[in-house]
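Q: Below: one structure in structure tokens.
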Amino acid sequence: MSRHKPTGMRTQVARHSILFIAAMCMIYPLLWMIMSSFKDDAVIFSDPTALPRTFDLSNYREGWTALRVSFTTFYANSFLISIFAVIGNLMACSLTAFAFARLEFRGRKIFFALMMATLMLPYHVTLVPQYVLFQKFGWVNTFYPLIVPKYLAVDAFFIFLMVQFFRGIPREIDEAAIMDGCGPWRIYWKIMLPLSTPVLATAAIFSFIWTYDDFLGPLIYLNDINLYTVPLALRAFVDGGGGQSLYGPLFAMSTLSLVPVFIVFLAFQKLIIRGVALGALKR
């Protein structure tokens, strides 16, 4: 036994060392961006070290008001779109998932297969027809193209996740509710939703993060700087100051833009893991 212990210990040390090096390689760009937010533009690319010599907060003050509109507006726009998108996804996707998991109707399997097939369609495939449609509606340069589709159950991933979870809830509960006079709507509202807190929380968190981080959608549909979201505002820093890129303020605002995502993820990471695990394992 004593001969195998040093060998096992060396193996563990080697594995942890490799994991640590890999983790540092992945996290270094993030650390470099955060440290560069405290540097002057002239020093950012001339000094290869990550740590700044002095911690200067001028980039944060300058970046917040560097564009024609304060960053407060961009944060407000991003949160507004994200919150309405979360509400729409939870309402529409949970209703659709309940129908697929609990109701019997003609063509249910075919419609479910078609819904699952949309997961293989890249967003760019439907971008042009959607843009033409929204342009005819007069919705270009408004928040409607970014919000309204969420109320039509367009996120097949969340539907699939909820369907798997709903299928794991015993049908005897539905039968008992029907005997008590409950219809499909009351079963969905009074029974299924209260029992589905983990998967609903997971869908809400992912929906918020993905909508908040979305760049292509706002880039296509929003033209007025007063309607910009945080990712679009960050893009405006590049070649945004009279032909001169403002890298210091850009890194400062990029660092601040990560704060809401980190807070949401760290606060609800247990719910994310639990919801994904339950949705994947239940049948």
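Q: Given points 7 Å out from each Cα along the Cα-Cβ axis, report the THR126 to TRP189 separation in nanometres with one decimal.
A: It works out to 2.8 nm between the two label points.
Q: If r is the Cβ-Cβ distance from ILE225 to TYR144 and R0 is 25 Å, what FRET efficiency results, to the nearest 0.05?
A: Rounded to the nearest 0.05, the efficiency is 0.85.
Q: In the Gaussian network model of the chain, springs joining C-alpha atoms below 10 Å, which of MET115, MET162, MET24 carries the largest mean-square fluctuation?
A: Result for the chain, Cα springs under 10 Å: MET24 fluctuates most.
Q: Would you kindly give the portion of the calculated P(r) for the chain that falls above 30 Å, as a percent of all Cα pairs?
A: 49
Q: Between the helical axis of 197-213 and the dominant principal axis of the chain, each derived from Cα atoms, what acute angle in degrees is found, rounded to the nearest 10?
A: The two axes meet at around 40 degrees.
Q: What is the count of Lys pairs in the chain whose alpha carbons sit under 22 Å apart, if the two are 8 or more places apart or on different chains?
A: Lysine pairs satisfying the spacing and distance rule in the chain number 4.
Q: Bin by bin, in steps of 5 Å, what percent of the Cα pairs in the range 78-156 do you find, going until the bin that has the longest distance?
A: All Cα pairs, binned at 5 Å, distribute as 3, 14, 19, 22, 20, 14, 7, 2, 0 percent.
Q: Let me ask you something else. List the trypsin sites (Lys or Arg not before Pro) in the range 92-193 that DSSP assigns to loop (not H, G, I, E or B) and whose Cβ has at most 13 other Cβ atoms within 10 Å. Which are they?
A: ARG106
Q: Calculate one ³J(HN,Hα) per residue across the range 227-235 by plugging θ = phi - 60° into the Karplus curve 6.51 cos²θ - 1.76 cosθ + 1.60, and present them in order as whole Hz with x for glycine and proline.
A: These are the phi-based 3J(HN,Hα) values: 9, 4, 8, 4, x, 5, 5, 5, 5 Hz.
Q: Helix 156-167 versus the longest principal axis of the chain: what is the Cα-based angle in degrees, 0 to 90, to the nearest 10?
A: 50
Q: When the convex hull of the Cα atoms of the range 1-153 is projected onto a plane and the area is averaged over all directions, what value comes out in nm²?
A: Seen from a random direction, the Cα hull of the range 1-153 projects 19.3 nm² on average.
Q: What is the gain in length, in nm to one decimal, between MET116 and LEU258 on full extension, counting 0.36 nm per residue of separation less the C-alpha to C-alpha distance?
A: Length difference between fully extended and current span is 48.0 nm.
Q: What percent does the relative contact order of the chain come to when contacts are Cα pairs within less than 8 Å and at least six residues apart?
A: About 31 percent, as a whole number.
Q: In whole Hz, what ³J(HN,Hα) sequence does the range 21-32 give by Karplus (6.51, -1.76, 1.60; θ = phi - 60°), x for Gly and Pro?
A: For the range 21-32, the Karplus curve yields 5, 5, 5, 5, 5, 6, 8, 4, x, 5, 4, 4 Hz.
Read-outs throughout are calculated quantities, based only on the coordinates presented, and are distinct from any laboratory measurement. Note that the coordinates shown come from a computational prediction; the quantities given were computed from them, not determined experimentally. Cβ coordinates were reconstructed from backbone atoms using ideal geometry, including for glycine residues, and neighbour counts include every protein chain displayed.
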